[in-house]
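So the structure is just underneath, and the comments pick up after that.
The values are calculated or read from the model by the stated rules, or taken from the named source; none is laboratory data. This one's a predicted model, so the numbers in the text were calculated from it and none came from an experiment. Positions of Cβ are generated from backbone atoms using ideal geometry, with glycine treated the same way; all protein chains shown enter the neighbour counts. In case anyone asks, the SASA skips ligands and DNA or RNA and just uses the protein heavy atoms, side chains included. Shrake-Rupley method; radii C 1.70, N 1.55, O 1.52, S 1.80 Å.
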Amino acid sequence: MAMFNLSGMSKPKDNVYDVIIVGAGPGGLSAALYAARARLKTLILERATEGGQITLTNTVEDYPGFVLITGQELADKFVEHAREFGTNFANEEVVEMDLTGEVKRVKTDLGNEYTSKVVIISTGSNPKKLGVQGEDEFANKGVSYCAVCDGSFFKDKPLVVVGGGDSAVEEAIYLSKIASRVTVVHRRDKLRAQKIVQERAFKIPNIKFIWNSVVSEIGGNNSVEYVTLKNVKTGELTKYSTSGVFIYVGLVPNSELVKDVVKTDEHGFILTNEHMETNVKGVYAVGDVRKTVLRQVVTAAADGAIAAVDLIKYFD
Ligand code: NAP
């Protein structure tokens, strides 16, 4: 799905750091920038794409200073900025962490072990699945969670987008330029997305909305051909033709690796105080993986800055 952007990934020179940041999304990259400027020896470990989830977004219009920028361009600027001030990057997946001692130990899929005084968890989130029949069966055969990655396969074809949040509506707008028709299926009769995004979507002639409905099944032969829609008010079931289903029904935090050590809420989002500290001394969490009221690039970046300024106390 995601495009890999490993250009310029430099191999760390040694294994002992002041700060290790797990995940190179906006929160992690902002923390890296601040930590590196505080002259702390900083390592970011990223298993996939530098920049995180924003690289999967076509346009960003709500990061101050940029009226319009692509997600990839904004991510590249974050990476370049963190690198400029001396952050070390490694394209390695963290497979194990020992966070409870004074010295934190982080092991990766390449068999490396890194140590540091402070760890920042910036592992972000993944798209939540709908959990309906056909969803797994038709993965990569019409079911997608990433319009930027997969939209081009559906030129002049009808599509369904599921959800009513910012992701669903923004990506429906993106897909409307490629597909013949985009039908947004939402379980209520009101969208959750920002008003300006809603207004734009309502004006696009080939975006249709089906309200008070959920997708209860995804079906077809070799690829997606239809969804079954259930009206949540009447219970009525309808077969609806489509070549693809783009699912945007929320996020699942990537906190699996630390959930037994670090306190989370019932959904797995990591609990922090206002300094971004978790319940474990020397362990911070920033960005989408954290329990927070707003998940935006600007709030992830702010989390990173707050964490990095707070953790300086470990090095005074
Ligand atoms: P979200 O805001 O949690 O919205 C999820 C949507 O899916 C909601 O409309 C929800 O319905 C619906 N939903 C949830 N479970 C469902 C189910 N089982 N079946 C059908 N519908 C279901 O998720 P998101 O849009 O992915 O956004 C995640 C976070 O990223 C948000 O904080 C969002 O603001 C942020 N974000 C920001 C931007 C931006 O600033 N440009 C872009 C993308 C995302 P209800 O409304 O009824 O709950």
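Assess whether Asp156 counts as being open to solvent by 10 Å² or more (accessible area, probe 1.4 Å) and within 16 Å of the ligand (Cβ to nearest atom).
Working: open to solvent by 10 Å² or more (accessible area, probe 1.4 Å): yes; within 16 Å of the ligand (Cβ to nearest atom): no.
No; evaluated as a whole, the condition is false for this residue.
Can you find a residue in segment 252-264 that is within 12 Å of the ligand (Cβ to nearest atom) and closer than 21 Å to Gly51 by Cα? Can you show your working first?
Initial filter on segment 252-264 (within 12 Å of the ligand (Cβ to nearest atom)): 252-253.
Next cut, closer than 21 Å to Gly51 by Cα only: 252-253.
The answer is yes, given that some residue of segment 252-264 is within 12 Å of the ligand (Cβ to nearest atom) and closer than 21 Å to Gly51 by Cα.
Just give me the residues in segment 38-69 being open to solvent by 70 Å² or more (accessible area, probe 1.4 Å) and of a type in the set (D, E, K, R), in sequence order.
Arg39, Lys41, Arg47, Glu61
If the Cβ limit is 6 Å and pairs must be 6+ apart or interchain, which residue in segment 167-187 that is within 23 Å of Val252 (Cα to Cα) pairs with which residue that is away from the ligand (no atom under 14 Å from the Cβ) and modelled with pLDDT of 95 or more?
Note: pairs meeting the criteria are Ala172/Val182; Ala172/Ile207.
If I go through segment 92-114 residue by residue, how many of them are basic (Lys, Arg) and open to solvent by 70 Å² or more (accessible area, probe 1.4 Å)? Steps first, answer last, please.
Quick first cut of segment 92-114, residues basic (Lys, Arg) only: 104-105, 107.
Right, trim to open to solvent by 70 Å² or more (accessible area, probe 1.4 Å) and you get 105, 107.
So the answer is 2.
Checking Tyr226 against (1) open to solvent by 40 Å² or more (accessible area, probe 1.4 Å); (2) within 12 Å of the ligand (Cβ to nearest atom); (3) not β-branched (Val, Ile, Thr); (4) not in a loop (DSSP other than H, G, I, E, B), which test does it fail?
So Tyr226 meets the others, but not (2).
The conditions are (1) at pLDDT below 95; (2) out of contact with any helix residue (DSSP H, G or I) (no Cβ under 6 Å at 6 or more places or on another chain); (3) open to solvent by 40 Å² or more (accessible area, probe 1.4 Å), and Val148 fails exactly one of them. Which is it?
Answer for Val148: the failing condition is (2).
Being away from the ligand (no atom under 16 Å from the Cβ) and farther than 18 Å from Asp260 by Cα is true for just one of Lys281, Lys313. Which residue is that? First the steps, then the outcome.
Working: Lys281 fails: farther than 18 Å from Asp260 by Cα.
The conditions single out Lys313.
Here are some conditions: (1) touching a strand residue (DSSP E or B) at 6+ places or on another chain (Cβ under 9 Å); (2) modelled with pLDDT of 95 or more; (3) outside any helix (DSSP H, G or I). Lys13 meets all but one. Which one does it not meet?
In the conditions (1) touching a strand residue (DSSP E or B) at 6+ places or on another chain (Cβ under 9 Å); (2) modelled with pLDDT of 95 or more; (3) outside any helix (DSSP H, G or I), Lys13 misses (2) alone.
Sort out which residues of segment 159-172 are surrounded by 21 or more Cβ atoms within 10 Å (Cβ to Cβ) and within 17 Å of Glu61 (Cβ to Cβ), and write them in order of number. Full working, then the answer.
From segment 159-172, those surrounded by 21 or more Cβ atoms within 10 Å (Cβ to Cβ) are 159-164, 167-172; that's our starting set.
Hits for segment 159-172 are Ser167, Ala168, Val169, Glu170, Glu171, Ala172.
Results for (1) assigned to a loop (DSSP other than H, G, I, E, B); (2) within 11 Å of the ligand (Cβ to nearest atom), shown as yes or no for each residue.
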| residue | (1), (2) |
| --- | --- |
| Gly164 | yes, yes |
| Lys190 | yes, yes |
| Lys208 | no, no |
| Ser216 | no, yes |
| Lys230 | no, yes |
| Lys239 | no, no |
| Phe246 | no, no |
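Look through Leu257, Leu294 and report the one residue that is in contact with an Asp or Glu (Cβ under 8 Å, 6 or more places away or on another chain) and either in a loop (DSSP other than H, G, I, E, B) or basic (Lys, Arg) (or both). Walk me through it before giving the result.
On the way: Leu294 fails: in contact with an Asp or Glu (Cβ under 8 Å, 6 or more places away or on another chain).
Every option except Leu257 fails the conditions.
Going through segment 229-254 one residue at a time, which ones are among the hydrophobic types (A, V, I, L, M, F, W, C) and open to solvent by 20 Å² or more (accessible area, probe 1.4 Å)? If you could, list the steps in order and put the result at the bottom.
Taking segment 229-254 first, the residues among the hydrophobic types (A, V, I, L, M, F, W, C) are 229, 232, 237, 245-247, 249, 251-252.
Of everything in segment 229-254, those that are among the hydrophobic types (A, V, I, L, M, F, W, C) and open to solvent by 20 Å² or more (accessible area, probe 1.4 Å) turn out to be Val232, Leu237, Val249, Leu251, Val252.
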